[in-house]
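Report on one structure; see the data block that follows.
The values are calculated or read from the model by the stated rules, or taken from the named source; none is laboratory data. Every value quoted in this text rests on a predicted model; they were computed, and no experiment measured them. Methodologically, a virtual Cβ is constructed for each residue, glycine included, from the backbone with ideal geometry; neighbour enumeration extends over all protein chains shown. To get the accessible areas, we keep the full protein, side chains included, count just its heavy atoms, and leave off ligands, DNA and RNA. Shrake-Rupley method; radii C 1.70, N 1.55, O 1.52, S 1.80 Å.
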Amino acid sequence: MAVQKLSIAIVGAGIGGMTAAATLRQIGVDVRVYEQAPRFARIGAGIQMMPNSMKVLWRIGVEEKVIHTSFKPYSHLNREWDTGKIMRELPMPESLFGAPYLCMHRADLHEALAAAVPREIIHLDKKLVGLEQTADQVTLAFADGTRALADAVIGADGVHSVVRELIIGPDEPIHKGRIAYRAIFPSALLNGGKQAPPGARQNFDIGSSRTKWWGPDRHIVIYYTNATRTELYFVTSVPEAAEWVTRESWSAKGDVKELRNAYEGFHPDVRAVLEACPDCHKWAILEREPLPRWSDGRVALLGDACHPMTPYMAQGGATAIEDAAILARCIEKVDGADIEGAFQQYEAHRKPRTSRIQAISSANTWMKGGDEDTSWLYGYDAWNVPLTPMEPFVKTF
Ligand SMILES: Cc1cc2nc3c(=O)[nH]c(=O)nc-3n(C[C@H](O)[C@H](O)[C@H](O)COP(=O)(O)OP(=O)(O)OC[C@H]3O[C@@H](n4cnc5c(N)ncnc54)[C@H](O)[C@@H]3O)c2cc1C
């Protein structure tokens, strides 16, 4: 079958699903996206887009939609939690890895991705509950009793993926007893009316970099989410005594007083940000060991559905975006004919890289100090890298 006659159903209209919709449409596939949510909500969170994902976004016309409104950090800045001493700084000019490094509101990224495909291919309020495969087609069953047919299915349905459960089997994501507090709020609050903590500078801003403050058993990452620097964001990782997991965690509220207590003793700049923060959300940090396989016949997984990771390297969304480019290239290469072969090639190329990123992200050592090479991560170009299988990743740490 020629690519132009191939129909692919994507389950999940998140970052990976929307990117895949755009990359697959670019090669001529007839794409439909099925999303369980009744509408797209503006989730209050920032997101960092590294050069490796920006290269993909450029080709599908998304970079131009976000580049002028996003914050362009001068560098990745890593500092000690109390003294503020610089542990490692990596300036990130566009020339270094051939693409910009941007920080933005997650909803702005999602809006730009959604605008890259026609609205009528996105079907909201469609919660997938079942899949049935025959030799040449897949039937999707939804919670509202409706069904749809496609030549192939991509499960881009996130960390709690139903598609993964249907094709690989049930298992629970790993929760290592850590949570992420996060908040996004007007930068004006930094100096506006709130009592500054002892030692905090007056009229300070958070600087021109994306800064990660490394404590002994916790950290906090702080950055602006827009070019005008009127909005700032932070995300943390802290131990949580009780087992705290929720399935729909993007909307779960946190207690800002507990959050401030958790960062007692941190540098005055961090304290000032936390004092200014009006409220916060919390998210259980979930991960998963690399899966034994990513596809079954005409159904394949993408993004968090197959390689969920801790947010510590800011690569979960980025790797989902890379997946979408490689998947389209593999399908184009077989001209839509051997879809199962294309899925296997996609996995053989992608899994070693995502497994490596999952492992480093889990260890939370990325750029903590030293001068280890970063070009394998940020220099990766999903449009031009050879599609050969990568060396399997073997964890040695
Ligand atoms: C606190 C935090 C900070 C992060 N920061 C960054 C960062 O800075 N940079 C970065 O690259 N990544 C970051 N990530 C990771 C990133 O958010 C995820 O890796 C990314 O969202 C994964 O995209 P996805 O499309 O696979 O899944 P998602 O974006 O989760 O999308 C899955 C979609 O599938 C839908 N769905 C689920 N089940 C069904 C069903 N049965 N039927 C139909 N639809 C369904 C969901 O409603 C959702 O819309 C962060 C994550 C966290 C938690």
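So the values come out like this:
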item	result
Label-point gap, in nm, between THR83 and HIS160 - each point 7 angstrom along Cα→Cβ	4.4 nm
Contour minus Cα-Cα distance for VAL334 and SER251 (0.36 nm per residue)	25.7 nm
Label-to-label distance, nm, for residues given as VAL385 and THR230 (7 Å Cα→Cβ offset)	3.8 nm
LEU149/ASP171 FRET efficiency (R0 25 Å; Cβ-Cβ; nearest 0.05)	0.30
Carbon plus sulfur fraction of accessible area for the chain, probe 1.4 Å, in percent	50 percent
Accessible surface, 1.4 Å probe, highest first, among residues ILE27, ILE357	ILE27, ILE357
Alpha-carbon centroid distance for the pair segment 75-110 / segment 288-312, whole angstrom	27 Å
Dipole of the chain, positive direction: furthest Cα of THR139, VAL3, VAL159, with charges on the beta-carbon	VAL159
VAL221, VAL394, reordered so the largest accessible area comes first (probe 1.4 Å)	VAL394, VAL221
Potential lengthening between GLU64 and ASP371 on full extension [0.36 nm per residue; Cα-Cα distance subtracted]	107.3 nm
The chain - accessible surface per residue (Å², probe 1.4 Å)	41 Å²
Extended-chain gain in nm, criterion 0.36 nm per residue less alpha-carbon gap, ARG218 and PHE40	60.9 nm
Most mobile of THR23, THR236, THR134 in a GNM of the chain (Cα contacts under 10 Å)	THR134
Kirkwood hydrodynamic radius of the chain, from inverse mean 1/r over distinct Cα pairs, in Å	21.6 Å
Relative contact order (%) - criterion: Cα under 8 Å, at least six apart; region: segment 8-107	30 percent
Mean Kyte hydropathy of 1.6 or more with a Cα span along the axis of at least 27 Å, helices from DSSP in the chain	none
Order of exposure, largest accessible area first, which applies to GLU172, GLU275, GLU132 with probe 1.4 Å	GLU172, GLU132, GLU275
The chain: most fluctuating residue of GLU111, GLU240, GLU287 per GNM, C-alpha cutoff 10 Å	GLU240
Antiparallel %, DSSP beta bridges [both residues in the chain], to 5	70 percent
